[in-house]
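Input: a single structure, listed below in structure tokens.
What follows draws every value from the coordinates through simple rules; no lab data is involved. No experiment lies behind these values; they were computed from the predicted model shown. Here the Cβ positions follow ideal geometry from the backbone for every residue, glycine too, while neighbour counts run over all protein chains shown.
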Ligand code: HEM
Ligand code: MG
């Protein structure tokens, strides 16, 4: 049975996380990394299994312990990813590409392809990874990182802060509109893109800096996290449970409706059926009714039971947010 998610941290202040029991180690043959610099770093320091294959509970524990991610967000993101990218029978998820290590697959249309799987969770206009259309949606991309540095120099005096975040988010969207005929910026990517733009200053800045809204990430440390999956020396986690601080400010600097290019560059067309910041519960209902349901149209037995349980844990991340719970596979 997939266990219920670990609860919030009981001791939830800052502390040294690049400690003696979590040394960075280089990749061994077969170790998997992917599009998320946060999870990559946790794996390379042993907060997650170093091979890059983990259970949702292990991921929730690791992001709380290593980065002080707020427990509701940790749950919602982890179960969201697991539902579409993970193996719901073995309770294992690859933080990168598809692997036999997650066990025997459920039948198609299930994908079980790990976090690299395009569209169901991973999406376009990432800061340091290319759009899937160009062939690699998960590796560190030096050209894109050079732009990250250029924007940090231009708008942040050499560091990545909320001002840089807003400018670079806008820039990456405009770039994808102009170059990627398959650019898709509908939910859930619409939300994850803005959320992830906050993460470098929210999570990658040392926790002994207490004002997190003015926190700024220098380029030496940015390189360590994004490229090398490595904590800086003497790195302390954020001082309190932390979420996507400033996400609305970033969105509001250059508001855009969710939408997509329709088969050619520069054809961005809003999609009114997609959730946006004015309709957060639609993110949850569309994800469950459309994305999850399309992968698992008619599950049976253990698979169905685990879908029901994982959907409940997923909803648990936003319970209290005023969204009504839905049960596409019934209740147990
Ligand atoms: C991006 C998953 C937690 C930092 C991503 C992406 C995935 C992902 C699939 C790729 C999306 C894309 O750019 O197309 C997860 C899951 C988490 C988690 C399942 C579990 C809670 C974290 C944490 C941090 C983090 C704790 C920071 C400490 C980032 C950043 C990006 C990202 C900065 C954007 C990378 C870029 O745009 O180049 N994450 N993540 N994530 N994640 Fe995570
Ligand atoms: Mg991406």
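Can you tell me which residue within segment 127-154, out of those that are crowded, with 19+ Cβ neighbours inside 10 Å and within 21 Å of residue 252 (Cβ to Cβ), is nearest to ligand 2 (Cβ to nearest atom)?
In this case the residue turns out to be 127.
Check off (1) more than 21 Å from residue 233 (Cβ to Cβ); (2) in a helix (DSSP H, G or I) for residue 42 and give me the number that stays unchecked.
Result: residue 42 passes all but (1).
Tell me the residue from 31, 19, 51 that is away from ligand 1 (no atom under 13 Å from the Cβ), closer than 23 Å to residue 209 by Cα and without any contact (Cβ under 8 Å) to a residue 60 or more places away in the chain, please.
Going through 31, 19, 51 in turn, just one is away from ligand 1 (no atom under 13 Å from the Cβ), closer than 23 Å to residue 209 by Cα and without any contact (Cβ under 8 Å) to a residue 60 or more places away in the chain: 19.
Please count how many residues of segment 207-231 are surrounded by fewer than 17 Cβ atoms within 10 Å (Cβ to Cβ) and not in a helix (DSSP H, G or I).
Of the residues in that region, 7 qualify.
Read through the list (1) under 28 Å from residue 109 (Cβ atoms); (2) over 21 Å from the mean Cα position of the chain (by Cα), then give the number of the only condition that residue 265 fails.
Condition (1) is where residue 265 drops out.
Condition (residue is within 22 Å of residue 266 (Cβ to Cβ), touching a strand residue (DSSP E or B) at 6+ places or on another chain (Cβ under 9 Å), within 13 Å of ligand 1 (Cβ to nearest atom) and not in a loop (DSSP other than H, G, I, E, B)) applied to segment 152-174: is it met by at least one residue?
yes
Looking at (1) farther than 25 Å from residue 257 by Cβ; (2) within 11 Å of ligand 2 (Cβ to nearest atom), can you tell me which one residue 196 breaks?
So the condition that residue 196 fails would be (1).
If residue 78 satisfies all but one of (1) outside any helix (DSSP H, G or I); (2) within 12 Å of ligand 1 (Cβ to nearest atom), what's the number of the condition it fails?
Exception for residue 78: condition (1).
Out of (1) in a loop (DSSP other than H, G, I, E, B); (2) under 15 Å from the mean Cα position of the chain (by Cα); (3) over 15 Å from residue 38 (Cβ atoms); (4) more than 9 Å from ligand 1 (Cβ to nearest atom), the odd one out for residue 83 is which?
Going through the list (1) in a loop (DSSP other than H, G, I, E, B); (2) under 15 Å from the mean Cα position of the chain (by Cα); (3) over 15 Å from residue 38 (Cβ atoms); (4) more than 9 Å from ligand 1 (Cβ to nearest atom), residue 83 breaks only (1).
Which condition from (1) crowded, with 23+ Cβ neighbours inside 10 Å; (2) within 9 Å of ligand 1 (Cβ to nearest atom) is the one that residue 118 breaks?
Condition (1) is where residue 118 drops out.
Can you spot a residue in segment 102-113 that is in contact with a helix residue (DSSP H, G or I) (Cβ under 8 Å, 6 or more places away or on another chain) and surrounded by 22 or more Cβ atoms within 10 Å (Cβ to Cβ)?
Yes: one or more hits.
Matching residues to (1) without any contact (Cβ under 8 Å) to a residue 40 or more places away in the chain; (2) under 24 Å from residue 168 (Cα atoms); (3) surrounded by fewer than 17 Cβ atoms within 10 Å (Cβ to Cβ):
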{"position": "261", "(1), (2), (3)": "no, yes, no"}
{"position": "281", "(1), (2), (3)": "no, no, yes"}
{"position": "293", "(1), (2), (3)": "yes, no, yes"}
{"position": "298", "(1), (2), (3)": "yes, no, yes"}
{"position": "307", "(1), (2), (3)": "no, no, no"}
{"position": "323", "(1), (2), (3)": "no, no, yes"}
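Of the residues that make up segment 177-189, is at least one more than 19 Å from the chain's Cα centre (by Cα), in a helix (DSSP H, G or I) and buried (at least 17 other Cβ atoms within 10 Å of the Cβ)?
Yes; the residues of segment 177-189 include at least one that is more than 19 Å from the chain's Cα centre (by Cα), in a helix (DSSP H, G or I) and buried (at least 17 other Cβ atoms within 10 Å of the Cβ).
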